[in-house]
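Sharing a structure, written as structure tokens. Questions coming.
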Amino acid sequence: MVRRLKWLLAALCVTSAAIAATTVKQEPSLEVGRRAYEDSEYLKAIQALQTAAAKDPRNGDVQLLLAKSYLELQENDAAIRSAEKAVTMDPQNSVYHEWLGRAYGDKADRAGWPPTKISLAKKTGKEFERAVELDGRNFSARQALIEFDCSAPGMLGGGEDKAQLQIKELMELDAAEGHYGTGNCRRQKKDFAAADEEFSKALESHPKSAELIYDIGDYAVKRGQAERLLTAAEAGESVAPADPRTNFYRGVALILKKENLEEAERLLRKYAKKAPTRSGYPRPAAAHAWLGRLFEEQDKREDAEKEFESALKLDPKNKMAQEALKRLKKG
């Protein structure tokens with residue numbers, strides 16, 4: 001529709017400004033919502049997607065993106081409603097079941113009343129299982145199911161024995177995914193030596209998923225593993241060259257190694273400016289906190305305090321910045 005309209009207006013010699021304005025007016029709400037989501041403008045995304053849903057009430061993809069947007073705002077009930085609608089529209093869609101499971105799981109994590117938490121946890125596991133049944137190559141659903149089975153007790157439908165069956169199947173489909181699943185399971189059990197070994201094998205197996213790679217990167221940050229961070233950054237860059245997370249993890253690695261600190265500063269500032277505010281991405285506040293650590297180690301106290309304060313403005317719960325400011329004030 002948009003392309004036809006542009007052609008017609010051009011044929012009638014309407015000015016290019018008018019064409020642009022008309023094109024914007026006719027732009028589908030789903031595309032507006034998708035772009036807003038990518039730009040981390042979740043309220044704008046929801047508004048556009050609600051319009052799209054009203055125009056096309058049987059479009060499951062609209063409901064899926066609505067669910068993702070609500071999850072980013074931690075509006076769990078709304079996310080569940082949208083994900084349930086998507087599943088109702090297409091019960092055979094593996095991705096819809098996966099995200100319904102994620103919505104249930106997110107609410108379960110925040111639920112205070114034990115019976116509610118238990119009920120939601122059981123629903124979470126069932127949705128992940130259904131997603132894998134529908135599409136065995138939905139690796140993100142398999143990883144979610146493995147993590148659930150490794151962390152949830154049998155009374156909730158989990159169990160490490162079930163996870164091992166999933167890992168065995170996954171290993172046959174994709175070695176990198178299989179080693180990551182094993183490592184993630186060992187991480188849940190706090191067997192970090194085994195997790196280290198499996199994550200190394202995962203990175204050596206040429207993973208195709210940026211999410212997998214950068215989750216290992218997040219693990220390496222928490223463990224202070226500079227070399228693993230550099231390996232993850234290189235792997236991530238080869239899979240998704242435009243992904244800004246490579247800047248964050250490479251910058252942190254350089255700080256940990258105390259090497260090329262000017263480059264570390266440049267990478268972290270670049271990340272802080274361009275990073276989306278989204279699950280799976282280090283928050284911009286984390287970049288400022290690491291910049292604070294960089295300056296603190298260079299004995300640039302004022303610069304360090306400024307960065308830690310910037311981190312707390314963005315995320316008042318940032319523990320790294322909280323502890324650092326207490327330390328600096330005592331000193």
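The values are calculated or read from the model by the stated rules, or taken from the named source; none is laboratory data. As the structure is a computational prediction, the values presented were derived from the model and not from experiment. Glycine gets a Cβ as well: all are built from the backbone with ideal geometry, and neighbour counts include every protein chain shown. These area figures cover heavy atoms from the full protein model, side chains too; ligands, DNA and RNA do not enter into them. Shrake-Rupley method; radii C 1.70, N 1.55, O 1.52, S 1.80 Å.
Within the range 55-164, list the trypsin sites (Lys or Arg not before Pro) lying in a DSSP loop whose Cβ has at most 13 other Cβ atoms in a 10 Å radius.
Passing both the DSSP loop test and the Cβ count: R58, R137.
Give me the Kirkwood hydrodynamic radius of the range 136-191, using the inverse of the mean 1/r over all pairs of distinct Cα atoms, in Å to one decimal.
In the range 136-191 this quantity evaluates to 10.8 Å.
Write out the trypsin sites (Lys or Arg not before Pro) in the range 242-310 meeting two conditions: DSSP loop, and at most 15 other Cβ atoms within 10 Å of their Cβ.
For trypsin sites (Lys or Arg not before Pro) across the range 242-310 that sit outside H, G, I, E and B with at most 15 neighbouring Cβ atoms in 10 Å, the list reads K258, R278, K300.
Let me ask you something else. With n ≥ 4 as the cut-off for DSSP H runs, can you work out [θ] at 222 nm for the chain, using -39500 (n - 2.57) per run divided by the number of residues, rounded to the nearest 500?
-25000 deg cm²/dmol
With point charges of +1 on the Cβ of Lys and Arg and -1 on the Cβ of Asp and Glu, referenced to the Cα centre of the range 83-235, which listed residue (A194, C150, A108) lies farthest in the positive direction of the dipole?
Working it through, the farthest residue towards the positive pole turns out to be A108.
Return the carbon/sulfur percentage of the accessible area of the range 21-179, one whole number, probe 1.4 Å, all protein chains in place.
51
Over 32 Å between Cα atoms, which of K189/K257; K162/K270; K190/K329; K270/K317; K222/K306 qualify?
Beyond 32 Å between Cα atoms: K162/K270; K190/K329.
In nm, give the distance between the simple-model label positions of A54 and K257, each being 7 Å from the Cα along the Cα-to-Cβ direction.
5.4
Using unit Cβ charges (K, R positive; D, E negative) and no other charged atoms, how large, in debye to the nearest 20, is the dipole of the range 59-217 about its Cα centre?
With only Lys, Arg, Asp and Glu charged at Cβ, the dipole is about 500 debye.
Another question about this same structure. Give the accessible surface of the chain per residue, rounded to a whole number of Å², with probe radius 1.4 Å and ligands, DNA and RNA excluded.
Ligands and nucleic acids excluded, the result is 53 Å² per residue.
Quote the FRET efficiency, to the nearest 0.05, computed for Q298 versus L43 with a Förster distance R0 of 56 Å and r equal to the Cβ-Cβ distance.
My answer for the efficiency is 0.90.
Oh, and also: Gain in length, L73 to K190, computed as 0.36 nm per residue apart minus the alpha-carbon separation, to one decimal in nm?
Stretched fully, the L73-K190 segment lengthens by 39.2 nm.
Further question on the same structure: Could you check the spin-label model distance between R223 and K201? Points 7 Å from the Cα along Cα→Cβ, value in nm.
Simple spin-label model gives 1.4 nm for this pair.
Consider the candidate values [x] 64, 39, 35; [y] 59, 56, 43; [z] 69, 54, 41; state which one is Cα extents along the principal axes in Å computed from the structure displayed.
The calculated read-out lines up with [z].
Within straight cross-link reach of K107, meaning Cα distance under 13 Å, which aspartates and glutamates are found once same-chain residues fewer than 8 apart are removed?
Cross-link targets: E72, E75, D77.
Let me spell out the model: positive unit charges on the Cβ of Lys and Arg, negative unit charges on the Cβ of Asp and Glu, origin at the Cα centre of the chain. What dipole size does that give, in debye rounded to 20?
Using only the charged Cβ atoms, the result is roughly 1000 debye.
Further question on the same structure: Tell me the label-point distance for the pair A175, K117, using the 7 Å Cα-to-Cβ offset, in nm and rounded to one decimal.
Between A175 and K117, the simple spin-label model gives 4.1 nm.
Using 0.36 nm times the number of residues separating R110 and K306, minus their current alpha carbon distance, what extension gain do you get?
67.3 nm
What FRET efficiency, computed as 1/(1 + (r/R0)^6) with R0 = 22 Å and r the Cβ-Cβ distance, is obtained for R35 and K208, rounded to the nearest 0.05?
The value I calculate is 0.30.
Which whole number of Å³ per residue matches the convex hull of the alpha-carbon atoms in the range 33-186?
Considering the Cα atoms of the range 33-186, their hull volume per residue is 112 Å³.
Something else now. Give the Cα extents of the range 118-225 along the principal axes, in whole Å, largest first.
Principal extents (Cα only, largest first): 38, 27, 20 Å.
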